[in-house]
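Below is one structure; the comments refer to it alone.
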Amino acid sequence: MFVLAATGSAVGLGNVWKFPYMTGDNGGGAFILVYLLCLALVGIPIMMGEVLIGRRGRQCPVNSLQTLSIEAGASRAWGWLGWAGMLAGLIILSYYSVIAGWTLAYLMRMVAGAFERVTAEGASSIFTQLVTDPERLLAWHTIFMVMTIKVVSRGVGNGLEKAARILMPCLFLLLLIVLVYAARTGDFSQAYAYLFDSDFSSLTLSGVLSAMGHAFFSLSLGLGVMLMYGSYLPQGVSIARTSVLVGLLDLVVALLVGLAIFSLMFANDLAAGEGPGLIFQTLPIAFGQLPGGMLFGALFFLLLVFAAWTSSIALIEPLVAWLVENREIDRIRAAIWSGIVAWLLGIVTILSFSSWSFSFNFAGVLKRHGLFDVLDIAISSIILPLGGLGMALFVGWVLPRESVLDELGGSARIGFKIWYFIIRFITPAAMLLIFLRAIGVL
């Protein structure tokens, strides 16, 4: 169950609109090889560390870090890593819910046939009308947040585990259905070549740093999510094996989604790209031109809703657990209050696409959506990379080696020695590079 829940938290909208394009634009198979190396040096080592902390502490991220730091004779200030992760998760949830609301709106439009034979201008107009209408965005944002609160309020067994047991298999089934449809109606061979043909000449230092950053960000690390899920992981389950499996499943889903998307796009002579424009403006054109496009477009956006839903459940869980443990309130009220705070913060994002929008430059990139971009930069460029660095240092240098060994199997075999060297030396250096790139230094 941990694998399903952790994969659900990792598989999100970023897998759909970012990773496939990054792969095709940076040498295809060459980029995948580099990404696998980055998973081994950055993503999976930190995931193992976070799960280890969670299972060792058996509490919410803040309390686990404080308890383990005291046991190790270190400062309680390490608990601030947990606070930073919870804050980051709450802010990400606030704007993630708004964007997930877009997927709900597009699901309804696909069902209604709004994209039948749609032109590029028509698709762009539909998207613009949606994101610049605060009332509609607020309605969809509210619906999605209620969906999230409903699951989390039901507890671990009836909420988180049940959601993972139902939503993740449904997500994989929908992905396979859309992939088969794309292979039959789209240009599958060109999509395959775009993603998997190796071109090492296209792989630059920037591409390598992008792979390194995505190996960290894609797995929901630095947010306290894996610590929280680790606290629910039974003793005796291999942390190493489950972490590797989650990392590989996240990669496989991203690549399969990429095959489906680019098969449809190349069949309709649409340009490859990344970001919300790929999903909400370009892809609807492809579905609108193909036989059965409205049905399979609806299935695709339903897949996105499930992906966003499992991620949002994971984002809110650490704060809910902290409220239950430290404020002695029941889980239902904790979920409601956490959801209300995220919902209120989401209004900032909604207005950033209309009346509160303003432009500014950050690290050489023009940002157009005001406070939404400010929040996103603060989280993705500063808090999360530094949080990942802190987690690597805590596991590698603060926790006693015996405690780490105990959680990972109890014997200092060659696999443990390699991982321990990586988490102490290589991963911190990589996280520093990710941070410097995120703020525009590299």
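Rule-based calculations on the coordinates, nothing more; no lab input. Just so we're clear, the structure is a prediction, and the values are computed from it rather than from any experiment. So basically every Cβ, Gly included, is an ideal-geometry build from the backbone, and we count neighbours across all protein chains shown.
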| field | Net charge of neighbours whose Cβ lies under 10 Å from the Cβ of residue 27, counting Lys and Arg as +1 and Asp and Glu as -1 | value | -3
| Gaussian network model of the chain, Cα springs within a sub-10 Å range: biggest mean-square fluctuation belongs to which of 336, 166, 383? | 166
| Tell me, in nm to one decimal, what length is gained between residue 108 and residue 25 on full extension, where the rule is 0.36 nm per residue of separation less the Cα-Cα distance? | 26.7 nm
| field | Degrees between helix 427-438 axis and first principal axis of the chain (Cα, 0 to 90, nearest 10) | value | 40 degrees
| query | How much length is gained on full extension from residue 442 to residue 245, taking 0.36 nm per residue of separation minus their Cα-Cα distance? | reply | 67.8 nm
| message | Sort 169-175, 149-155, 232-238 by packing, meaning the average of other beta carbons within 10 Å per residue, with the highest value first. | response | 149-155, 169-175, 232-238
| remark: residue 405 and residue 374 label points (each 7 Å along its Cα→Cβ direction) are spaced in nm at 5.1 nm
| How many nm is it between the label spots at residue 80 and residue 121, if each spot is 7 Å from the Cα in line with the beta carbon? | 5.6 nm
| query | If you put +1 on each Lys and Arg Cβ and -1 on each Asp and Glu Cβ, how big is the dipole of the chain around its Cα centre, in Debye rounded to 20? | reply | 780 debye
| If you add up the charges near residue 159, with Lys and Arg at +1 and Asp and Glu at -1, over every other residue whose beta carbon is less than 12 angstrom from its beta carbon, what do you get? | +3
| field | Highest average packing first - 182-190, 60-68, Cβ atoms within 10 Å | value | 60-68, 182-190
| message | I want to verify a result. In a Gaussian network model of the chain, Cα cutoff 10 Å, which of these has the top mean-square fluctuation: 250, 406, 25? | response | 406
| Extension gain from residue 366 to residue 206, taking 0.36 nm per residue of separation minus the Cα-Cα distance | 55.8 nm
| query | Number of Lys-Lys pairs in the chain under 30 Å by Cα, sequence gap 8 or more or different chains? | reply | 4
| remark: Semi-axes in Å, largest first, for the range 113-249 (Cα gyration tensor, √(5λ)) are 31, 28, 18
| field | Efficiency of FRET from Cβ geometry, residue 183 and residue 70, R₀ 60 Å, rounded to 0.05 | value | 0.60
| said: Let me understand the chain better: what is its radius of gyration from the alpha carbons, and its Dmax, in angstrom? | reply: 21.1, 66
| request: Please work out the C-alpha center-to-center distance from the range 55-99 to the range 412-442 and express it in whole Å. | output: 20 Å
